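Reading through the structure tokens given below for one structure.
Quick note: the coordinates plus some simple rules give every number you see, no bench work behind them. Values in this document were obtained by computation on a predicted structure and should not be read as measured data. Cβ placement follows ideal geometry from the backbone for every residue including glycine, while neighbour counts extend to all protein chains displayed.
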Amino acid sequence: MVIANTVDQVEQAMKHVRMSGQRVGFVPTMGALHAGHLSLVQRSVAENDFTVVSVFVNPTQFNNAQDLEKYPRDFAKDEALLLKNGCNLIFAPSTSDIYSEADLKKPFEFDFGGLDQMMEGKYRPGHFNGVVQIVSKLFKIVEADKAYFGEKDFQQLAIIHHMTKVMGFDVQIVDCPIVREKSGLAMSSRNERLSSEEREIAAGISKVLFESLNFVPSFLPRKLEKWVENEIRNIPGLDLEYYEIVDTKSLQPAQNWDKPTVGCIAVYCGGVRLIDNIRCS
Ligand code: PAF
């Protein structure tokens with residue numbers, strides 16, 4: 001397994017891979033890897049000849065300086081996990097390898113076609129500009145055939161599909177299912193910041209989401225949102241930010257269950273912001 005810390009090193013390593021016609025899979029991450037990330041790596045290894053994983057905590061997608069500072073980092077552990085799971089190249093750049101001073105000064109601009117107006121986009125202003133900024137840079141560097149993203153970040157995934165189309169990247173985006181802990185809690189690097197008591201409390205999020213499916217189709221989306229909001233507010237230790245049931249393609253509020261819908265939630269538990277989602281129809 002090669003570890004590349006600069007863009008030049010990646011380009012050098014990828015030259016040979018591309019010349020020999022190998023299919024390249026790419027898994028972008030911010031490190032602090034868990035079983036959810038590893039499921040993406042395993043899928044890439046199964047479907048491609050060469051798998052690249054980037055490990056980079058991207059400063060431009062954090063709208064909160066404290067969140068960036070507290071984001072868990074353990075490169076030695078990530079490296080060992082990636083080696084064990086068949087990764088061929090880790091790209092672990094420093095911020096200055098990726099961004100010029102100018103990049104960091106002026107916000108990146110992108111036309112999201114309205115996909116950034118709700119949910120994460122509303123509560124984390126600028127977040128998706130940073131995501132598109134880094135993912136588009138990484139796509140240009142790695143030039144993969146397939147790129148793997150988790151459905152836990154549902155809105156991010158919709159935006160990545162849009163970005164790929166609008167920017168004309170020749171890469172297939174592969175949507176990968178949420179991986180959950182035994183308790184049902186969606187796997188997230190942020191879970192590391194929860195105490196064991198908070199982990200138990202946080203398991204209530206997915207429990208409520210799964211229970212809510214019992215009311216589809218008898219409740220319409222707005223009524224079901226209210227039901228979920230009440231249930232979450234009744235769990236001491238959870239602080240709801242939003243729950244929205246939206247069309248899976250447009251991310252606009254769903255009015256009924258005719259089209260595929262997804263319920264997306266953001267909740268604070270002990271100061272840690274957690275997101276999850278569930279397909280409703
Ligand atoms: O989902 C993430 O971990 C990040 O948003 C990503 C896609 C690696 C970009 O920094």
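A few remarks follow.
- Choice from 81, 209, 157 showing the highest fluctuation, given a GNM over the chain with Cα pairs closer than 10 Å: 81
- Relative contact order for the range 43-97, counting Cα pairs under 8 Å that sit 6 or more residues apart, in percent: 58
- Degrees, to the nearest 10: 154-167 long Cα axis against longest axis of the chain: 40
- Calculated log₁₀ intensity ratio I(q)/I(0) where the Debye formula runs over C-alpha points of the range 79-146, q = 0.28 Å⁻¹: -1.22
- The chain: C-alpha gyration tensor shape, a/c 1.5 cut-off, then a/b vs b/c: prolate
- Whole-Å distance, taken between Cα centres, linking the range 211-281 and the range 1-64: 32
- Taking the chain as a Gaussian network of alpha-carbon nodes connected by springs under 10 Å, the highest mean-square fluctuation of the residues 267, 216, 131 belongs to 216.
- Computed magnitude of the charge dipole of the chain (debye, nearest 20; Cβ of K, R +1, Cβ of D, E -1): 300
- Sorted fewest first by neighbouring Cβ atoms within 10 angstrom, 176, 264 come out as 176, 264.
- Model label zone, residue 249; criterion: amide N under 15 Å from point 7 Å along Cα-to-beta-carbon; scope the range 145-180: 158-159, 161-162
- Extension gain, residue 165 to residue 256: 0.36 nm times the residue separation minus the Cα-Cα distance gives 29.9 nm.
- Peptides 181-191, 217-227 ranked from most to least packed give 181-191, 217-227, packing being the mean of other C-beta atoms within 10 angstrom over each peptide's residues.
- Label-point separation, residue 122 to residue 196 (7 Å along Cα→Cβ), nm: 3.8
- Take the Cβ atoms of residue 173 and residue 210, set R0 to 22 Å, and the FRET efficiency comes out at 0.25.
- Shape category assigned to the range 26-185 from the gyration tensor of Cα positions, a/c cut at 1.5: rounded
- Length gained when the stretch residue 3-residue 239 is fully extended (0.36 nm per residue, less Cα-Cα span): 80.9 nm
- Debye log10 I(q)/I(0) at q = 0.11, 0.13, 0.19, 0.21 Å⁻¹ for the range 97-243, Cα point scatterers: -0.57, -0.77, -1.25, -1.34
- Where Cα atoms sit under 19 Å apart: lysine pairs in the range 130-182 separated by 8 or more or lying on different chains: 5
- Normalised by the number of residues in the range 201-274, the mean separation of alpha-carbon contacts (under 8 Å, six or more apart) gives a relative contact order of 30 percent.
- Compared with the alpha-carbon gap, the fully stretched path from residue 20 to residue 220 is longer by 66.6 nm at 0.36 nm per residue.
- Ordering 80, 131, 147 by Cα displacement along the dipole of the range 67-151 toward the positive end leaves 80 in first place; charges were set at the Cβ atoms of Lys, Arg (+1) and Asp, Glu (-1).
- Degrees separating the helix 221-233 axis from the principal Cα axis of the chain, which is the longest one: 90
- Estimated inter-spin distance, residue 180 and residue 84, nm [label 7 Å along Cα→Cβ]: 2.4
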